[in-house]
There are 2 protein chains.
Amino acid sequence: MIDKHDLHKLCGGRPVAIVGAGLVGAGWAIVFARAGLHVKMFDANPEITRKAVPLIDTQLQGLHRHGLIDEAPAAVLARISAVDTLAQAVDGVAYVQESVLERVDVKRQLMVDLDALIAPDTIVGSSTSGIPGSAFALGLSISPRVLIAHPVNPPYLVPVVELVPSPETATRTVDVADALMRAVGQAVVHVRKEVEGFVLNRLQAVLLREAWALVQEGVASCEDVDKTVRDGLGWRWSFMGPFETIDLNAPGGVADYAVRLGPLYQRIADSRGHDTPWDADLIGHVEAQRREHLSHDDLEARRAWRDERLMEFAAARRTRDPRN
Amino acid sequence: MIDKHDLHKLCGGRPVAIVGAGLVGAGWAIVFARAGLHVKMFDANPEITRKAVPLIDTQLQGLHRHGLIDEAPAAVLARISAVDTLAQAVDGVAYVQESVLERVDVKRQLMVDLDALIAPDTIVGSSTSGIPGSAFALGLSISPRVLIAHPVNPPYLVPVVELVPSPETATRTVDVADALMRAVGQAVVHVRKEVEGFVLNRLQAVLLREAWALVQEGVASCEDVDKTVRDGLGWRWSFMGPFETIDLNAPGGVADYAVRLGPLYQRIADSRGHDTPWDADLIGHVEAQRREHLSHDDLEARRAWRDERLMEFAAARRTRDPRN
């Protein structure tokens, strides 16, 4: 739920900057503009910025069609302006969301540049999905004001954002980023230590590793693994998450569940080594199974189908759940 | 999608039997009766059978309210009859779904009893979530006609069912059970080997193990892990499953994704040992966190909330997706 009162308090009428205007940056621009903020968007490659504007327009049309924005798409788009330099982008902003290339040297150079440009109370969030702040955001005067704000794509539909401080990030920065993200309608997850993959990709990783191993051993096909989640596990997870699911699945709650099923899960874990790379053979095998269901030529159309479903899912959640 | 033509071909007008009338058995009774089949329900404890009927009635009212059954609840209920003996239950049936106590000796005794009672073409499905057919269904004249048909609770809402043959199960039995389950509207997953936890609980186990470890290490709270799935990962998984999700998440599809992210996921797997039991301390810690969000006294009310959401989810999927 977007909170304009909180937003005004946090930003004091100042705009936000989007640095890196690819798919992720464009998604963030929608999140902030939808909430009523003015957004300045910059990419070192002007071609990317130019492509971002029609992309954002198309996405806003979809959001409007599904009842996910009340304003006309053009009104939201009017709050987003593309600018030509990093200095213009960050001038006078309350917050910078960077979504530049996923490379340590590129992120580091950007931090050095921002160090020379931004106001002393501007906060910087990084969209990186895998590089900890320690690797690129230490030892600068802005370091206390930099943290990871890792979204899921597209952030204007899937609300989760992981906030990960580096050891030099100030507590106040985490608090302000938390308040800002909530005020623009995101669901904040606090990752308290810089573990590889943060929380979201660690959870995805372990499930995918087991899924691939089951296919490798001939226990189940890719399609049957997908069915198991899509027509089974995913139902509860999509509105409760794993802990609430098990808390409700044993008469006495989560502790009762742990005593009943903990030993089985330990045995399952023990039965599985981690020394199985996804080698070329296995990748070819999985690829062949997926292509039976969906040809390479149909990937793009199926992505459009997925995006429509995500919009429907977002619209249904907004109607049913006052939390969203 | 229920297919009455197929059903008639498969069962030839014969009823099905539910043996064990607890929560799982009662759920199965709804699945079969909803599809138009006559159901005979038996439990060794007559008290349990007596409780099952009003429980089924309540569930049918909910299904009707959410548009998930077209008939009046009373019409569906009229196809379910409670009987007093196992012999009555299985007399003349096409299929037996057993959901008795989750103990090898109890399951084995039931198989011996069924061996003396059922017709030579009756098939037996077991609801066990963890005991392989090898442990209780071998060496009998009915063994070629016994397999695991493991549901998610409640099966009349969450459609997935895992079919797991024992080494003695005939291929034809798997084919008939597959056709029957599809005809009554379930989503069939074929588990080709008797691995512990089958597919569904293995996938759940690895995700839960990582979730508990993240809480144990202070990386994230239970509530934040739940948010990561509920407001992030669970969105795509709930209508695509993990393989289709990654197939659409890299420009070149699943093989491209594997090359890009396989090494990260391998490192995440390598970073996690399996030798961390859920000991009393950790269980107490997780329990305390959950109870902050939901008191013990509110568990029951929250379960009712969950069941309403599952009905809404089922209704939404039926409207949107012709597959269901």
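The numbers here are math on the coordinates, done by the rules we state, and not lab data. Everything quoted here is computed from the prediction, not taken from an experiment. Cβ atoms come from the backbone with ideal geometry, glycine included; neighbour counts cover every protein chain shown.
List of remarks:
- Relative to the dominant Cα principal axis of chain B, helix B:23-34 is inclined by about 60°.
- When B:ILE56, B:ILE131, A:ILE2 are sorted by how many other C-beta atoms sit within 10 angstrom of their C-beta, beginning with the fewest, the order is A:ILE2, B:ILE131, B:ILE56.
- Magnitude of the charge dipole, chain B, Cβ model with Lys/Arg +1 and Asp/Glu -1, debye to 20: 840
- Rounded, prolate or oblate (a/c below 1.5 giving rounded, otherwise prolate when a/b exceeds b/c) for the range A:4-190 by Cα gyration tensor: prolate
- Reachable lysines from B:LYS227, criterion Cα separation under 24 angstrom, eight or more residues apart if same chain: A:LYS4, A:LYS193, A:LYS227
- For chain B, the longest principal axis of the Cα atoms and the long axis of helix B:280-293 meet at an angle of about 90 degrees.
- Bridge orientation summary for chain A: considering DSSP beta bridges with both residues in this region, about 20 percent are antiparallel.
- Peptide B:246-259 has a mean of 6 when you count, residue by residue, the C-beta atoms of other protein chains within 10 Å of its C-beta.
- Rounded to the nearest Hz, the phi-derived 3J(HN,Hα) couplings of the range A:150-160 under the Karplus curve 6.51 cos²θ - 1.76 cosθ + 1.60 (θ = phi - 60°) are 8, x, 9, 8, x, x, 7, 10, 8, x, 5, where x marks glycine and proline.
- When +1 charges are put on Lys and Arg Cβ atoms and -1 charges on Asp and Glu Cβ atoms, the dipole computed for the range B:150-199 relative to its Cα centre reaches about 140 debye.
- Least to most buried among A:ASP105, A:ASP91 (fewest other Cβ within 10 Å first): A:ASP105, A:ASP91
- Selection among A:SER295, A:PHE313, A:ALA177 by position relative to the dipole of the protein assembly as shown gives A:PHE313 as farthest towards the positive end (Cβ unit charges, Cα centre).
- Taking A:ASP175, B:ASP224 and counting other C-beta atoms within 10 Å, the order from fewest to most: A:ASP175, B:ASP224
- Neighbourhood net charge (15 Å Cβ-Cβ; Lys/Arg +1, Asp/Glu -1) for A:GLY13: +2
- Derived scalar couplings between HN and Hα for the range A:262-271 equal x, x, 4, 5, 5, 5, 4, 4, 4, 6 Hz in order, rounded to whole Hz, by the Karplus curve 6.51 cos²θ - 1.76 cosθ + 1.60 (θ = phi - 60°), x for Gly and Pro.
- Once you reduce the range B:120-170 and the range A:44-95 to the center of their Cα atoms, the two points are 55 Å from each other.
- In Hz, Karplus ³J(HN,Hα) per residue of the range A:58-69 (6.51, -1.76, 1.60; θ = phi - 60°; x = Gly, Pro): 4, 5, 5, 4, x, 4, 5, 4, 8, x, 8, 10
- Excluding the site residues themselves, the longest part of chain A lacking any trypsin sites (Lys or Arg not before Pro) in a DSSP loop with at most 15 other Cβ atoms within 10 Å is A:194-322.
- Dipole in debye (nearest 20) - the range B:82-132, about Cα centre, beta carbon charges: Lys, Arg +1; Asp, Glu -1: 180
- Taking chain B as a Gaussian network of alpha-carbon nodes connected by springs under 10 Å, the highest mean-square fluctuation of the residues B:ASN201, B:ASN249, B:ASN153 belongs to B:ASN249.
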